[in-house]
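The block underneath contains the structure these notes are about, expressed in structure tokens.
Computed from the coordinates by the stated procedures, all read-outs in this text should not be read as laboratory data. Remember, it's a predicted structure, so these values are computed and weren't measured experimentally.
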Amino acid sequence: MAGVAIAVPAGPLGLLCVKKTLERGFKGALLIGLGAALADSVYGIIATVGLTAISVVLLVSLIL
């Protein structure tokens, strides 16, 4: 039982997944997890595009 308690993520999203699993079963938690993964992917894409734009501006200013 201690292993299960340690393995459960303690953040708000982890608690929401646990709650939805108990309420709706596996499908409810799966949808929450997929939504969280999609949101994290969007944040990652935004960060990548932003850093790429900054590096292009810095490289162009260095060349000129």
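How long is the gain from residue 41 to residue 24 if the chain were fully straight, where each residue apart is worth 0.36 nm and the alpha carbon distance is subtracted?
Extra length available between residue 41 and residue 24 comes to 3.6 nm.
Given N residues in the chain, what is Rg(Cα) / (2.2 N^0.38 Å)?
Normalised by 2.2 N^0.38 Å, the Cα Rg of the chain equals 1.81.
For every helix of n ≥ 4 consecutive DSSP H residues, a contribution of -39,500 (n - 2.57) applies; sum these over the chain, divide by its total residues, and give [θ] at 222 nm rounded to the nearest 500 deg cm²/dmol.
Computed mean residue ellipticity for the chain: -30500 deg cm²/dmol.
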